[in-house]
1. Can you tell me which residues in the range 158-176 are assigned to a loop (DSSP other than H, G, I, E, B), within 23 Å of CYS40 (Cβ to Cβ) and at pLDDT 85 or above?
2. Go through (1) within 26 Å of GLU124 (Cα to Cα); (2) out of contact with any Phe, Trp or Tyr (no Cβ under 6 Å at 6 or more places or on another chain) and name the single condition TYR61 misses.
3. Got at least one residue in the range 170-179 being of a type in the set (A, V, I, L, M), touching a strand residue (DSSP E or B) at 6+ places or on another chain (Cβ under 6 Å) and surrounded by fewer than 17 Cβ atoms within 10 Å (Cβ to Cβ)?
4. For the range 39-141, which strands (runs of 3 or more DSSP E) that fit wholly inside it have 1 or more residues that are touching a residue at least 24 places away in the same chain (Cβ under 8 Å) and within 22 Å of SER184 (Cα to Cα)?
5. So, of the residues in the range 61-98 that are aliphatic (A, V, I, L, M) and over 18 Å from the mean Cα position of the chain (by Cα), which turns out to be surrounded by the fewest Cβ atoms within 10 Å (Cβ to Cβ)?
Amino acid sequence: MTRRRVLRAFGLALLLLLAWLGSGYIGAQRACAHDPRFACSPRDSAHAIHIADPTKSWAFYGRLAPGQHDRYVFRLQQAASIPWNLLVERRDAGDPARPVATLTAASGTPIARATLAHAQIFYEPFSGIHYLSSPPVNLHLAPGSYRIEIAMKGPGSAQRYVLAIGARERFGLWEIPYVLGAISRIKTRGW
């Protein structure tokens, strides 16, 4: 009798786990444009954030005070067209500090810059947050190594930013619990 109860409880727990993962997987494919990651700002060159695949859709969440920097690095094996833009929460519009993103080649040559000079309003449905966004730009990049530096410019207090890069939406089954937790962290502005 006890063995039968244990098997039923185990079966029920397994069924609930599969239903949870399945619903998370379906929901993430539909609702998450970017794979969210947190920068643990500030990050210098020695501790730069490595973007494993810049063609995948990523959203990096950071928080910088004026004068601080976050650095990201990535490498392309073949030429690619990669969208990128920079965002801050619309409710932080009154803060004069603004992030500026600069993309450089391995040689140090600047390739592109993203600023909020011509910001557009963007609503992100899965987090329920309104952002000010730099105009999205497609970067046409040759094979090679690249660096992105996010610098907080101007006076003001520390501010959150989001660096969105890449376009291919891919989530593996085992990433779903992380993505669900990250969405919760974003909604509560816990970065």
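The values are calculated or read from the model by the stated rules, or taken from the named source; none is laboratory data. Owing to the predicted nature of the structure, the values given are computational and were not obtained by experimental measurement. Cβ atoms come from the backbone with ideal geometry, glycine included; neighbour counts cover every protein chain shown.
1. Once the filter is applied, which keeps residues that are assigned to a loop (DSSP other than H, G, I, E, B), within 23 Å of CYS40 (Cβ to Cβ) and at pLDDT 85 or above, the range 158-176 yields ALA158, GLY166.
2. TYR61 satisfies all of (1) within 26 Å of GLU124 (Cα to Cα); (2) out of contact with any Phe, Trp or Tyr (no Cβ under 6 Å at 6 or more places or on another chain) except (2).
3. Going residue by residue through the range 170-179, those that are of a type in the set (A, V, I, L, M) are 173, 176, 179.
Restricting the remaining residues to those that are touching a strand residue (DSSP E or B) at 6+ places or on another chain (Cβ under 6 Å) gives none.
No; the residues of the range 170-179 include none that is of a type in the set (A, V, I, L, M), touching a strand residue (DSSP E or B) at 6+ places or on another chain (Cβ under 6 Å) and surrounded by fewer than 17 Cβ atoms within 10 Å (Cβ to Cβ).
4. 58-64, 80-89, 120-124, 129-133
5. Quick first cut of the range 61-98, residues aliphatic (A, V, I, L, M) only: 64-65, 73, 76, 79-80, 82, 86-88, 93, 97.
Next cut, over 18 Å from the mean Cα position of the chain (by Cα) only: 65, 76, 79-80, 93, 97.
Values: ALA65: 13, LEU76: 16, ALA79: 10, ALA80: 17, ALA93: 15, ALA97: 20.
So the residue we want is ALA79.
The rows are residues; the columns are (1) farther than 23 Å from GLY154 by Cα; (2) surrounded by 14 or more Cβ atoms within 10 Å (Cβ to Cβ).
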{"site": "VAL100", "(1), (2)": "no, yes"}
{"site": "LEU103", "(1), (2)": "no, yes"}
{"site": "GLY108", "(1), (2)": "yes, no"}
{"site": "ALA112", "(1), (2)": "no, yes"}
{"site": "ALA117", "(1), (2)": "no, no"}
{"site": "ILE121", "(1), (2)": "no, no"}
{"site": "SER127", "(1), (2)": "yes, yes"}
{"site": "SER133", "(1), (2)": "no, yes"}
